[in-house]
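Working notes for the structure below.
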Amino acid sequence: MSRHARIAVIALISAMMALARDAGARREPWSERVELRGHSTFTPALAVRDGRQALVGWTEHRDSKLHFVLLSLGAPWFEVSTDEVATSGPALAWAGGEAVVAFAAEDTRLTVLRSANGSSWGERLTIEKTTASSPALCVFGKILILAWRGEGDRIHLLHSGDGKKWEDEVALEATALSGPALTVAGERLIVAFRGAGDRLNVVETTDGAHFTAPVVLPNRTTTEPAVAVWHEGLTVAWTDAGDGRIHMMTNAGGSEWSGESVTNIFARRGPAMVTWNEPVMAFNDADNYGLTTIAWENPFSGKAAMKEERR
């Protein structure tokens, strides 16, 4: 076989392998989006209240301060800026009728604010723990869980019944290279993070204190992942280290993860994920200079008709 023929065969094999990889991963459209005016330095945060409102938070690239948008179906939205300088992205949760945000402040100490409406923030609480990554918040039963990458490059968790007193610190054994993501699946608290070798790690607990050994997925990312319960199944999402797109995998139970799908979203960091009547993501759009963007799984949901109210 001539040299040119060998080159042609190699090129054909490479093309066939690429097609096989693409065939093994579904491509999801995620075509309906709401673009906010802010440009997020880190992964934005997303939390839903009673299925009626979605609160989006991010650390604004222009001033390194926390910014928020409260989205309501059929209503205009507007951006709220704060005086809080953050060195991480925020974490958000609704607990006891209040919005709670956690972040690393200018001195990298964990800081918690609360708000009755998602717009006016007060009651600043400083926790004597530091982090170089974005934290995570989640309501597990009636307990608020705060997780962060802390001492020893491990994921640490604190518990609170009121958002004021934080106690019962727990540290996972596995090494973490990113901040964590949290969600609740039935009676299980799920923690996802980027571990050794940039591999995705998933652990769980039923009591908030004793965790399973990590399930290590083969996929690689250089940012923090996201995790949520979608369509009655656990879904983990990440910005892939290879193609820069947001990828997803699902888990219906046990340690087996399958059904990898590739979205048409290019993101600078990992996404945030919740269910707002249907799956929804927040991310900083790599195609639009890091613009904070919300996307819905259903391309015909009509939610993108929401418009900004200038103030």
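The values are calculated or read from the model by the stated rules, or taken from the named source; none is laboratory data. From a predicted model like this one, the values you see are computed outputs, not experimental measurements. For neighbour counting, all protein chains shown are included, and Cβ atoms are generated from backbone atoms with ideal geometry for every residue, glycine included. SASA here: full protein model, heavy atoms, side chains in, ligands and nucleic acids out. Shrake-Rupley method; radii C 1.70, N 1.55, O 1.52, S 1.80 Å.
Heavy-atom accessible area, probed at 1.4 angstrom with all protein chains present, ranks L217, L177 as L177, L217, highest first. With the contact rule set at Cα under 8 Å and sequence spacing of 6 or more, what percent relative contact order holds for the chain? After rounding, I find 18 percent. Comparing mean-square fluctuations of V227, V34, V274 from a GNM of the chain with C-alpha springs under 10 Å, the top value falls on V34. For segment 215-225, 3J(HN,Hα) computed residue by residue from phi via the Karplus equation (6.51, -1.76, 1.60; θ = phi - 60°) reads 8, 9, 8, x, 7, 10, 9, 10, 10, 6, x Hz, glycine and proline entered as x. Once the C-beta distance of E167 and E260 is scaled by a Förster radius of 22 Å, the resulting FRET efficiency is 0.05 to the nearest 0.05.
If you plug the beta carbon distance of D198 and S64 into 1/(1 + (r/R0)^6) with R0 = 22 Å, you get a FRET efficiency near 0.25. Segment 67-96 and segment 123-202 have Cα centres lying 20 Å from one another. Within segment 41-73, the trypsin sites (Lys or Arg not before Pro) that combine a DSSP coil assignment with at most 14 other C-beta atoms in a 10 angstrom radius are R52, R62.
For segment 71-154, applying the loop criterion from DSSP together with a ceiling of 16 other beta carbons within 10 Å to the chymotrypsin sites (Phe, Trp or Tyr not before Pro) yields F78. Here segment 65-160 exposes an accessible surface that is 48 percent carbon and sulfur, computed with a 1.4 Å probe and the other protein chains kept in place. For the chain, the 222 nm mean residue ellipticity estimated from helices alone, with every DSSP H stretch of n ≥ 4 adding -39500 (n - 2.57) and the total spread over all residues, rounds to -2500 deg cm²/dmol.
When the chain is treated as a GNM with alpha-carbon contacts under 10 Å, the residue of N284, N201, N117 showing the greatest mean-square fluctuation is N117.
Using all pairs of distinct alpha-carbon atoms, the Kirkwood hydrodynamic radius of segment 157-199 works out to 12.1 angstrom. Quick one: angle between helix 3-23 and the longest Cα principal axis of the chain, in degrees between 0 and 90, rounded to 10, please. Approximately 40 degrees, to the nearest 10.
For the chain, a Kirkwood hydrodynamic radius built from all Cα pairs, placed in the Stokes-Einstein relation at 25 °C and 0.890 mPa s, yields a translational diffusion coefficient of 123 µm²/s. Test of understanding: in a Gaussian network model of the chain with alpha carbons linked when under 10 Å, which of H39, H61, H159 would top the mean-square fluctuation ranking? Of H39, H61, H159, the Gaussian network model singles out H61 as fluctuating most. Per residue, the chain exposes 45 Å² of accessible surface when a 1.4 Å probe is rolled over the protein heavy atoms with every protein chain present.
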